Amino acid sequence: MQSKITDAYAHFGQPRFGSLDQLISYMDNHQIEQAVAVLGPRVPDFSIISEAAIRYPDRIRAVGIPFGETKDERIEAVKLQLDVGAMGIRLETREAVEYPEILELIGESGRWAYGIGACLNQRMAELYLTWLSQYPKAKLAAPHFMYPDFSPEDSDKSGGSIQKLMQHERFYGIFVRNAGMTSSIHPHTAYKAWMEYVYEQCGPNHLMWGSEYPVLYWRNENANAAMDMFRGFLNCNEEEWKRIASTNAIEQFFTGMAPLSTKGFIMESPEKQDSSIQKLAIPEWVEQQFERNRTIPYFPKGIDLPVEVCVAILEGYLHSPEFASGRSMSEYIFKQWTR
């Protein structure tokens with residue numbers, strides 16, 4: 001990896017996506033100085049947002065998620081996360097369409113929407129263009145900014161509102177490998193037309209890179225290869241690539257103070273909390289709806305493992321010689337089985 005990296009899209013949140021300490025271990029090993037840590041889908045570990053703000057205010061910015069079975073619960077959860085310092089909220093395509101109240105909360109607070117599928121079609125692009133015009137202090141990042149088999153002749157996928165959104169001064173695309181790319185092999189021809197179109201519309205000043213840690217390990221990938229793949233796609237010079245891999249994210253997410261908590265901090269244990277800081281309670285329904293025991297899919301078309309097994313594997317891997325030397329998780333696991 002290059003000497004200075006900023007990861008615009010990593011995950012955290014126990015148990016499924018790991019602890020804050022595990023995220024920091026990953027970052028340190030790959031010389032990633034700063035990262036945006038996004039709660040993974042259906043993992044409402046809201047306490048980790050406060051923990052990151054207290055322990056690593058200069059290295060981590062947190063993005064929360066809607067959570068809850070009802071609209072009122074989802075709104076309450078979003079308010080809670082924004083109140084304790086989340087930089088923004090990650091929204092699935094369906095959530096952005098069905099819960100305009102959540103976009104309103106993000107916009108009114110001047111935070112970031114991390115909009116999955118923001119450029120999926122003209123309808124989604126128009127939705128976010130309208131939102132940006134309504135809230136001049138809010139910004140939009142689009143993770144998983146990769147689509148195969150793109151054609152600039154497809155009027156629902158290019159031009160129009162999509163082009164306007166990509167060219168908007170408060171829009172940033174985040175290049176992240178996704179599950180659909182696991183079957184794609186070098187030189188990833190199916191994505192070439194999309195990458196060329198994106199680079200033409202956004203330019204290097206409005207693009208970023210994200211690893212999707214730790215999910216990339218579930219796919220038996222590593223951050224070096226994920227970054228090298230995007231570097232190979234783009235016809236850009238070293239200075240332009242530096243902007244994509246670091247500078248843009250630093251300027252947008254880490255210049256200035258992090259969002260401040262307005263109601264206190266959530267801490268997992270009272271002894272870790274300064275007595276002068278108000279403790280913010282998490283509603284009981286959050287834990288009641290938290291599916292802690294969901295299995296995790298390991299390796300493309302591989303096996304589903306119990307979450308407690310995956311927690312142990314990740315912890316072992318992050319402290320292993322294999323991880324330190326850039327070898328894959330499958331190599332680490334194979335070594336444990338063949339001792």
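Where a number appears in this text, it was derived from the coordinates with a stated rule and is not lab data. Here the structure is a predicted model, which is why all the values come from computation and not from measurement. Methodologically, a virtual Cβ is constructed for each residue, glycine included, from the backbone with ideal geometry; neighbour enumeration extends over all protein chains shown.
Just a few scattered comments:
- Among beta bridges that DSSP assigns inside the chain, antiparallel share in %, nearest 5: 15 percent
- Charge tally in the Cβ shell below 15 Å around Ser155, where Lys, Arg are +1 and Asp, Glu are -1, Ser155 excluded: -1
- If the segment from Glu200 to Val307 were pulled out straight at 0.36 nm per residue, it would be longer than the present Cα-Cα gap by 34.4 nm.
- Neighbourhood charge, 14 Å Cβ-Cβ cut-off, centred on Arg170 and excluding it, Lys, Arg +1 and Asp, Glu -1: +2
- When shorter helices are ignored and each DSSP H run of at least 4 residues is given -39500 (n - 2.57), the per-residue value for the chain at 222 nm works out to -10500 deg cm²/dmol.
- Taking amide H atoms as placed 1.01 Å from N in the peptide plane, the amide H of Ala62 lies under 5 Å from those of Ala37, Met87, each 5 or more residues away in sequence or on another chain.
- For Gln288 and Asn121, the difference between the fully extended length at 0.36 nm per residue and the C-alpha to C-alpha distance is 56.5 nm.
- Loop-located trypsin sites (Lys or Arg not before Pro) in the range 124-174 (DSSP state other than H, G, I, E, B) with a sparse environment of at most 12 neighbouring Cβ atoms within 10 Å: Lys137.
- The value obtained for the range 55-140, namely the Cα convex hull volume divided by the number of residues, is 89 Å³ per residue.
- Amide H contacts of Thr6 (H built 1.01 Å from N, in plane; Pro and chain starts excluded): Ser246 sit under 5 Å, all sequence-distant by 5 or more or on other chains.
- For the pair Arg42 and Thr255, the difference between a 0.36 nm per residue extended length and the Cα-Cα distance amounts to 73.7 nm.
- Sorted peptide list for 239-252, 318-331, criterion being average Cβ within 10 angstrom, highest first: 239-252, 318-331
- A convex hull fitted around the alpha carbon atoms of the chain yields 136 Å³ per residue.
- The Asp149 and Arg231 beta-carbon pair, evaluated with R₀ = 22 Å, returns a calculated FRET efficiency of approximately 0.50.
- Residue-count net charge about Leu103 - beta-carbon cut-off 11 Å; Lys, Arg +1, Asp, Glu -1: -4
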